[in-house]
Amino acid sequence: MTDPAVWERDAWELADDVRAGRRSAVELLDTFVARIERFDPELNAFCFLDVEGARARAAEIDAAVARGEDPGPWAGVPMGVKELAQVRGWPDTHASRLYADAVADHDGTEIARLRAAGAVLVGLTTSPEFGSTNWTRSYLHGTTRNPWNPERTPGGSSGGSAAAVAAGMVPICTGGDGGGSIRIPSSYCGLFGFKVSFGRVGAARVFDNSLTSVPGPICRSVLDAARYVDAIAGPTVADPTSLPRPTRPYEEALRSGAAVEALRGRRAAWSATLGYAVCDPEVEKIAYEAALALAADAGLELVEVDVRLPKPSRSWGILSSIDMATRYGEAARGRLDDVTPVPRAGFEMVERLDAQQLLTALRRRDEMLAAVAEVFEQVDLLLTPTTATTAFVAEGPPPMEIAGQRVGGMGSVPFTAPFNISGQPAVSIPAGTSHEGLPVGLQVVTRRHDEELVLAAGLVAERNRPWPKLAPMAAT
């Protein structure tokens, strides 16, 4: 089957075509493999491909459909997997020289559930080492580039996934978000990014000790995001923080109209600083106009709230570095010259950390939780720019000056980490493009466990002001 627009279609549509026998999973895979061969040499979004294994799985899906069986909600859809996830038999490098020869001996929870839902896993997408930066570059795999402008970064740490989806190399990819790593690359690449509540997807063997990181999709549409999380959500025995499955599927809540109707009359606040951030004026303007349009379209009451959160960078950095050192510290011992600068600094900080610094970081986290709770006692939704700038130079580092003011290392992405600390669901919605033609995102945050509401906000925006499905270079 040759359909010149197949790579622009939503992933859920492709899955429904395969399930109904209207489209062959093998031919669908071949279409996307050709896209990978065309665009990946310039973008470096994939670091490993298993085309033979994917083709065998696609053939199994086609055979199941021919027998009258339903392979599942993601039947035959080619997916990229962020390289920080474990796929049995595939490289398990964590984007690090320290693990250059490692091979995964199991499927992670997310991967196992996607396989069971009929997904066809194509290969691994690039990430910065240990997912530690908001741009995607590593000693192991080099620099990944943004299809909107290859001189710019697709963001991080799910940068390879975002580049792959925005270029139409696959219709959807796995991601992960411990400080914005789904929302940041979604914003930079003009995609819809969805971070679930902490615990929504139970962990099996690898648990996040900083209580911030969650798996989730990098995709183009809200229904794709809803179906993805419906497929992977649910508890595991090994994860004491994992949550029960939602009482009704998110996709069902969106398609029925119930979730969208629940938005009407809700209170929402806008903040372009959160009390500490500096935002590029053009980015702020584009995101604010998108916020106003969303409020009008969804029937939200936009209210004035003085949002003042503690700056999260120090406490988030310490707790995240402790989690990184817990997982990878032994492998790094005596080999720090093989580690890229940001995670190396994290390992070194943990070595110097004393009890008082750790206690201070924990107190700062408590202060953040209290401050966020105060905001959501007044409103149901909080709207912010997703990032403070558009995508910066592909090789990094991020800008250290915004709007004439000096900022720190997280100054270009100050809006995402607070809601990892608080564990709340959040989305990045494409809001428009800058004068340079680079995407800008609008972040929407709701209370913990309220995924339906934040997805509904995305669906209202998508229906009323549709965004481009692909970066301009990849639209043909």
Here the stretch 322-327 yields Karplus 3J(HN,Hα) values (6.51, -1.76, 1.60; θ = phi - 60°; whole Hz; Gly and Pro given as x) of 4, 4, 4, 5, 4, 7
A chain fully extended from Glu436 to Asp354 at 0.36 nm per residue, minus the present Cα-Cα distance, gains in nm 25.0 nm
Counting only DSSP loop positions in the stretch 196-298, the trypsin sites (Lys or Arg not before Pro) whose Cβ has at most 15 other Cβ atoms within 10 Å are Arg205, Arg264
Filtering trypsin sites (Lys or Arg not before Pro) in the stretch 350-446 by DSSP loop and by at most 16 other Cβ atoms within 10 Å leaves none
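Which loop-located trypsin sites (Lys or Arg not before Pro) does the stretch 45-80 contain, where loop means any DSSP state but H, G, I, E or B and the Cβ has at most 13 other Cβ atoms within 10 Å?
Values: sites: Arg55, Arg57, Arg67; in loops: Arg67.
Taking the stretch 45-80 and a limit of 13 other Cβ atoms within 10 Å, the loop trypsin sites (Lys or Arg not before Pro) found are Arg67.
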Per the helix-only model, the chain has a calculated mean residue ellipticity at 222 nm (DSSP H runs of ≥4, -39500 (n - 2.57) each, divided over all residues, rounded to the nearest 500) of -11500 deg cm²/dmol
Residue by residue through the stretch 283-296, the couplings from Karplus 6.51 cos²θ - 1.76 cosθ + 1.60 with θ = phi - 60°, in Hz, x for Gly and Pro, are 4, 4, 4, 5, 5, 5, 5, 5, 5, 4, 5, 4, 4, 5
The longest stretch of the chain containing none of the GluC sites (Glu not before Pro) that sit in a DSSP loop with at most 15 other Cβ atoms within 10 Å is 152-303
Note to self: C-alpha centroids of the stretch 124-194 and the stretch 341-420 sit apart, in Å, by 19 Å
Violations at 27 Å Cα threshold for listed pairs Lys82/Lys285; Lys285/Lys469; Lys285/Lys311 -> Lys82/Lys285
In order over the stretch 90-99: 3J(HN,Hα) from phi, Karplus 6.51/-1.76/1.60, θ = phi - 60°, whole Hz, x for each Gly or Pro, gives 9, x, 10, 8, 6, 6, 10, 4, 4, 10
Given Cβ charges of +1 for Lys and Arg and -1 for Asp and Glu, the option among Gly178, Thr326, Trp148 whose Cα lies farthest towards the positive end of the dipole of the chain is Thr326
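Each reported figure results from applying straightforward, stated rules to the coordinates on display, with no laboratory input. Given the structure is predicted, the values throughout are model-derived calculations rather than measurements. Using ideal geometry, Cβ is built from the backbone for each residue, glycine included, and neighbour counts are taken over all protein chains shown.
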